[in-house]
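The values are calculated or read from the model by the stated rules, or taken from the named source; none is laboratory data. Everything numeric in this text was worked out from a predicted model, so none of it was measured. Ideal geometry is used to build each Cβ from the backbone, glycine not excepted, and the neighbour counts take in all protein chains shown. Protein only, heavy atoms only, side chains kept; ligands, DNA and RNA dropped before computing areas. Shrake-Rupley method; radii C 1.70, N 1.55, O 1.52, S 1.80 Å.
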Amino acid sequence: MKKICILYTGGTIGMTKTEKGYAPKPGYLRQKMETIDDLYHDSFPAWDMIELSPLLDSSNMTIREWNRVADLIGENYDAYDGFVVLHGTDTMAYTASALSFMLENLAKPVILTGSQIPLSEIRSDARDNLIASILFAAEGRVNEVCLYFGGRLMRGNRTTKYSADGFGAFRSPNYPYLADAGIDLRYSDMLLNAPSKGAFAVRRLESVPIGVIKVFPGIQFELFASIMTEKLKGIVIETFGAGNIPGHGDALLPIIKKAAANGTVIVVCSQCPQGRVVLGAYETSSALKAAGAVSGGDMTTEAAVAKLYYLFSCGCDAETVKAKMEADLRGELTEA
């Protein structure tokens, strides 16, 4: 009998109605789960649940909570065959990306899931997401951090939230789904990672100053000059298309050079969910390349942010971070 550890962080799946709208309530999700016979069926995996306190709406998740979840997985790693992390949808892709880097040499499934409608409601996606995630975790076919939602099992650091109100809330725009949950759990075997042979370890993250700038038509780059100080360790710039910025890129170049002189790592990601950044492919991306920015390839912004936190927390210097941002560490990008 496989045994799964469920870590409940909060989020819509366990929320109940209050005077101020839906909010998580301690002990409430466990009570609702006890009414689902399937969770206690003889053929269903055994499970325990650890409820974090306080329970959070995922918009309130921080590096502190990422460290706490990673620590709990580390403390219970040998006692369970897999882990399911119940999480709010708004920042689930960020947490999935962060855990993929933090859990070094992972050789067990860690599945993040949640729901768009609370388990307490009659018409909810929570029951299927919960049951399927536990089954995927118990089968042990995946050896990485994944995200399950709406019938799809996805690599965690390849996901992004796509819909605020649809049951298919997440997409993996640049990497195929790892598995589907239909009548059977069907895996794409060629996409699955082999178990790591190294010693499992948890790399806790430090609260490193990191920023994100989204380019838009008419952007005045000089407004961002004040944040480009030596305190800023890394910044992700979401550009148009394959890494393009508005034609008045000359205004950006001095700012990027200033950031580079301060040791700030500049990573370029695309605003397009699908595709990759190729700096220098167009004239309008030349300024970024000339200033020393590095390409995020086909990484999501969520993965790029989490990867910066991880690399700086490993003690890497700026040049090492630049090199590793363009290298595939956990399946988060497709190397050119």
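With +1 on each Lys and Arg Cβ and -1 on each Asp and Glu Cβ, and nothing else charged, work out how big the dipole of the stretch 113-224 is about its Cα centre, in Debye to the nearest 20.
240 debye
Nothing charged except the Cβ atoms of Lys and Arg (+1) and of Asp and Glu (-1): what's the magnitude of the dipole of the stretch 161-212 about its Cα centre? Round to the nearest 20 debye. Walk me through the numbers before you get to the answer.
Details: 6 positive and 5 negative charges, 51 e Å.
Magnitude of the dipole: close to 240 debye.
Select from Ser286, Thr301, Asn193 the residue farthest towards the positive end of the dipole of the chain; place +1 on Cβ of Lys and Arg, -1 on Cβ of Asp and Glu, and compute about the Cα centre.
Final value for the positive-end residue is Ser286.
What are the lysines whose alpha-carbon lies under 18 Å from the alpha-carbon of Lys258, with same-chain residues fewer than 8 places away excluded?
Lys231, Lys233, Lys289, Lys322
Under a plain spin-label model, where a point goes 7 Å from the Cα along Cα-to-Cβ, how far apart in nm are Ile227 and Asp180?
4.1 nm
To the nearest 0.05, how large is the calculated FRET efficiency for Thr18 and Val212 if R₀ is 30 Å and r is the Cβ-Cβ distance?
E(calc), rounded to 0.05, equals 0.40.
With a ≥ b ≥ c taken as the square roots of the eigenvalues of the C-alpha gyration tensor of the stretch 51-179, please select rounded if a/c is under 1.5 and otherwise prolate if a/b is larger than b/c or oblate if it is not?
Rounded, since a/c falls under 1.5.
Between Ala181, Ala199, Ala137, which gets the highest mean-square fluctuation from a Gaussian network model of the chain, Cα cutoff 10 Å?
Checking each option, the largest mean-square fluctuation is seen for Ala199.
Of Met154, Val110, Ala137, whose Cα points farthest to the positive end of the dipole of the stretch 103-195 (charges on the beta-carbon: +1 Lys, Arg; -1 Asp, Glu; origin at the Cα centre)?
Of Met154, Val110, Ala137, it is Met154.
Could you look at the stretch 86-198 and say what percent of its accessible area is carbon and sulfur, using a 1.4 Å probe and all protein chains?
49 percent
Within the stretch 16-89, report the trypsin sites (Lys or Arg not before Pro) that DSSP leaves as loop and that have at most 11 other Cβ atoms within 10 Å. Don't skip to the answer; put the middle values down first.
Numbers: sites: Lys17, Lys20, Arg30, Lys32, Arg64, Arg68; in loops: Lys20.
Here the sparse-neighbourhood loop sites are Lys20.
Roughly how many Å² of Ser295 are accessible to a 1.4 Å probe, to the nearest 10?
Using a 1.4 Å probe on the heavy atoms, I get roughly 20 Å².
Kindly work out what percent of the DSSP beta bridges joining two residues of the stretch 169-272 are antiparallel, to the nearest 5.
25 percent
Provide the per residue accessible area, probe 1.4 Å, for the chain, rounded to a whole number of square angstrom.
44 Å²
Could you state how much accessible area Asp71 has, in square angstrom rounded to the nearest 10, with a 1.4 Å probe and all protein chains kept in place?
40 Å²
How much length would be gained if the chain were fully extended between Ala194 and Lys258, taking 0.36 nm per residue of separation minus their Cα-Cα distance, in nm to one decimal?
Gain in length upon complete extension: 18.8 nm.
Excluding ligands and nucleic acids, what accessible area in Å² is computed for Cys272 using a 1.4 Å probe, to the nearest 10?
My reading of the accessible area for Cys272 is about 60 Å².
May I ask which residue of Ile73, Leu55, Phe101 lies farthest towards the positive end of the charge dipole of the stretch 45-113, with charges of +1 (Lys, Arg) and -1 (Asp, Glu) on Cβ and the Cα centre as origin?
Value computed over the given set: Phe101.
Residue-wise, which Karplus ³J(HN,Hα) couplings in Hz belong to the stretch 28-43, taking 6.51 cos²θ - 1.76 cosθ + 1.60, θ = phi - 60°, and x for glycine or proline?
For the stretch 28-43, the Karplus-derived couplings read 6, 4, 4, 4, 5, 5, 5, 8, 9, 4, 4, 5, 10, 5, 4, 8 Hz, x marking Gly and Pro.
Suppose only helical runs count, i.e. DSSP H with n ≥ 4. What mean residue ellipticity at 222 nm does that imply for the chain under -39500 (n - 2.57) per run, divided by all residues and rounded to the nearest 500 deg cm²/dmol?
Calculated at 222 nm, the ellipticity per residue is -7000 deg cm²/dmol.
Mind checking the dipole of the chain: about its Cα centre, +1 per Lys or Arg Cβ, -1 per Asp or Glu Cβ, Debye to the nearest 20?
Values: 33 positive and 38 negative charges, 94 e Å.
Once rounded to the nearest 20, the dipole reads 460 debye.
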